[in-house]
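In what follows, a single structure is set out as structure tokens and then discussed.
The values are calculated or read from the model by the stated rules, or taken from the named source; none is laboratory data. Values in this document were obtained by computation on a predicted structure and should not be read as measured data. Quick reminder, even Gly has a Cβ in these numbers, built from the backbone with ideal geometry, and neighbours come from all protein chains shown. Protein only, heavy atoms only, side chains kept; ligands, DNA and RNA dropped before computing areas. Shrake-Rupley method; radii C 1.70, N 1.55, O 1.52, S 1.80 Å.
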Amino acid sequence: MEGFFTKQQVQSADRPDGRTYSCASCGLYKDAQNPRMQAFGNFKKGILNIGEAPSEVDDKRGKQWQGRSGRVLQQTYKKFGVDLFEDCLNINAVNCRSTNDKGGDTAPGDYEVACCRKRVMNVIEKRQPKVIILHGGSAVQSVIGHRWKKKLGGISKWRGWTIPDRGIGVWACPTFHPSYIERVDAEEVNTIWHQDLNRAFSMTGVPFPDFPEEGKQVTIVQEQNEVLGVLKKLNQGTISPDPPFMAFDIETTGLKPHDTKNHRIVCTAFCDSPNHVYVVPELRRKSHKKALKELLENPEIGKIAANMKFEDTWENVINGITVNNWVWDTMQAGHVLDNRPGITGLKFQAYVNFGVVDYDSEIEKYLHGDPKNANSVNKIMELVSTEEGLRKVMTYCGLDALFEYKLAIKQMEQMNVTN
């Protein structure tokens, strides 16, 4: 399957000082007995394990998972009917042994991971695994970290997800490194680890999803006469047959709208099906605002948002609209389903559920105002001052609403909520 990202996007960029990430600049190979350790395993079930770095025993034998952590992993895999070396292929985020000042094993740094990333990505591209199990933070940093533009966080944030990663076209399943399981030796952690592994193994029989190109599902409506028509059709439920829900999302000039002289809603997206979304620019005509009010206050149409308080407050303050019939907040539902910190945001959920690792970094930098003043104005008007910039913002807004809709439907299924 063709990846969502280019080959250049899944490789490390050059360093700011102009030097390329490479074995030569890393230097770990100089002290390794078996430098640039090759992938090992017969790969019968299409499972690729990515660990941290070779241990001292691994380095001596020239194979992965030869020490205590390897034995733990081998025994655990056997419980699930998986042979670590017959059924899997094994590599590390860093393929030369990393040592501390005393010559002992140590976790590689982000720099060493970046230097070895091209080798890891080459293995993924050439061998095309069904499932990649990312053992520990270094493995997550290797495969995900360079594409995830926000704070990556630790393995506790990432473990347990079965991610349909479009950038590499494979299920990516992060979990704890076996050395952590060995050190902690806690029943609860061990149980969670087994659940993660079982979930990852189950994905070997699940075909990789055939995702649509969501950007083509965004319809930007800028002609003023067409805007009114779309709002009326949405309100009448004639765009999609009998839509029970509508996700809507807004892009604004700040976080809080109470400085009404300077704040405005730049654009609004409406999604009433998983296949299309409409985006309209700032509504200035009285007829448009009346139609928007009728739509958002219509009690027959359930409203969906990610953090509904934001949309609710802005519509009330800027447009005098009291949104009627809120039915779902993807952030709140995300917290109910999984109460770990840092996972309920729409961008994280869009990645772990739909495989889109980044669609906002080009826009996100314009969305920040004064961090000390919640009512401050951001830089979005600078971006929308050009036709190209406006289309980028409107497309981004549309993608937000589209993923909110898809995520809400998936969450409802997970929570056994009937329409």
(message) Go through (1) open to solvent by 20 Å² or more (accessible area, probe 1.4 Å); (2) outside any helix (DSSP H, G or I); (3) closer than 30 Å to SER156 by Cα for VAL356 and report which single condition fails.
(response) (1)
(message) If a residue must be touching a residue at least 60 places away in the same chain (Cβ under 8 Å) and either within 19 Å of THR162 (Cβ to Cβ) or surrounded by 19 or more Cβ atoms within 10 Å (Cβ to Cβ) (or both), how many such residues does the range 319-337 contain?
(response) 5
(request) Of all residues in the range 62-101, count the ones that are over 28 Å from the mean Cα position of the chain (by Cα) and aliphatic (A, V, I, L, M). (result) 3
(message) I'd like the residue in the range 359-388 that is in a loop (DSSP other than H, G, I, E, B) and of a type in the set (Asp, Glu) and, out of all such residues, is farthest from the chain's Cα centre (by Cα).
(response) ASP370
(message) Pairs needed: first member in the range 406-418, within 11 Å of ALA333 (Cβ to Cβ); second member anywhere, at pLDDT 95 or above and open to solvent by less than 60 Å² (accessible area, probe 1.4 Å); C-beta distance under 6 Å; at least 6 residues apart or different chains.
(response) LEU407/THR330; LEU407/GLN349; ALA408/ILE304; ALA408/TRP328; ALA408/THR330; GLN411/ALA333
(message) Out of the residues in the range 176-217 meeting the condition of being open to solvent by less than 40 Å² (accessible area, probe 1.4 Å) and among the acidic types (Asp, Glu), tell me which one is nearest to VAL72 (Cα to Cα).
(response) ASP196
(message) Could you check the range 396-411 and list, in sequence order, the residues that are under 16 Å from GLY302 (Cα atoms) and touching a Cys at 6+ places or on another chain (Cβ under 9 Å)?
(response) ALA401, LEU402, GLU404, TYR405, LYS406
(message) With assigned by TED's automatic domain parsing to the domain that holds ASN298 and at pLDDT 95 or above as the only criterion, which of LYS365, LYS406, LYS372 stands out?
(response) LYS406
(request) Would you mention how many residues in the range 258-286 are more than 17 Å from LYS379 (Cβ to Cβ), in a loop (DSSP other than H, G, I, E, B) and touching a residue at least 60 places away in the same chain (Cβ under 8 Å)? (result) 4
(request) Identify the residue in the range 33-55 that is charged (D, E, K, R) and out of contact with any Ser or Thr (no Cβ under 8 Å at 6 or more places or on another chain) and, among all such residues, is modelled with the lowest pLDDT. (result) ARG36
(request) Report, ordered by the first and then the second residue, all pairs with beta carbons closer than 7 Å, sequence separation of six or more or different chains, a first member in the range 39-62 that is within 17 Å of ARG97 (Cα to Cα), and a second member that is among the charged types (D, E, K, R). (result) PHE40/LYS63; ALA53/ARG97; PRO54/ARG97; SER55/ASP105; GLU56/ARG97; GLU56/ASP105; ASP59/ARG97
